[in-house]
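Data block below; observations after.
Only the coordinates and a few stated rules stand behind these numbers; no lab work does. Given the structure is predicted, the values throughout are model-derived calculations rather than measurements. All Cβ positions, glycine included, derive from the backbone under ideal geometry; neighbour counts span all protein chains shown.
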Ligand code: COD
């Protein structure tokens, strides 16, 4: 049976840290469905369509991945797609509390779906979409932290906002 995992997130925008988790996840799972879902706690820069487009273009070199979005509960989407696992990335201890709460809630909502955590590569430990957006907004060089299509999009977006 094909081992399918959902890798859920805001991906606003996708970063090299996310790609690192996808690369590692593909060593365990046959197929990953990278899914944009709503996180009500986050203030977003890009629309769902823009984020899917950035994900799809950033994943051009990967096989057995697809980008999707879903409006609703993560566990419902996992069931709909026959996925038995939710893949999440861990950076520092600061991620732990939120991830732990979410994994336990998801388990309570659907006992069939397991959450799998993978440690990020050391070079991405301080990388997050939020900090990258902040650096880009003030003209910082984010080249080494995001795929080229994302760098271009961030530069366009902030240039437009400033200009
Ligand atoms: N290195 C490794 N992993 C990373 C890095 C990095 N540098 N940066 C981010 N990650 C990991 C994160 O830890 C996370 O696992 C994943 O990548 C995605 O991160 P984000 O920030 O893009 O996404 P989040 O955390 O905002 O996603 C939250 C969800 C949208 C998945 C969540 O809110 C959700 O499931 N919403 C739908 C409603 C629902 O079902 N809620 C759950 C029940 S409470």
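Worth pointing out:
- Value of D in µm² per second that Stokes-Einstein yields for the stretch 53-116, Kirkwood Rh from Cα pairs, at 37 °C (0.692 mPa s): 245
- The listed peptides 117-123, 55-61, ordered by packing as a protection proxy, come out as 55-61, 117-123 (highest mean of other Cβ atoms within 10 Å first).
- Per-peptide packing, taken as the mean over residues of other Cβ atoms within 10 Å, places 89-95, 14-20 in the sequence 14-20, 89-95 from highest down.
- Choice from 51, 108, 31 with maximal GNM fluctuation in the chain (Cα, 10 Å cutoff): 108
- Relative contact order for the stretch 1-136: 32 percent, from Cα pairs under 8 Å spaced at least 6 residues apart, divided by residue count.
- Think of it as helices only: each DSSP H run of n ≥ 4 in the chain is worth -39500 (n - 2.57), and spread over all residues that comes to -12500 deg cm²/dmol at 222 nm.
- Taking label points 7 Å from Cα along the Cα-to-Cβ direction, residue 79 and residue 27 give a separation of 3.3 nm.
- Neighbour counting of Cβ atoms within 10 Å sorts the residues 29, 11, 96, fewest neighbours leading, into 96, 29, 11.
- Using every pair of distinct Cα positions in the stretch 1-135, the Kirkwood expression returns a hydrodynamic radius of 15.1 angstrom.
- Alpha-carbon centroid distance for the pair the stretch 21-63 / the stretch 83-146, whole angstrom: 12
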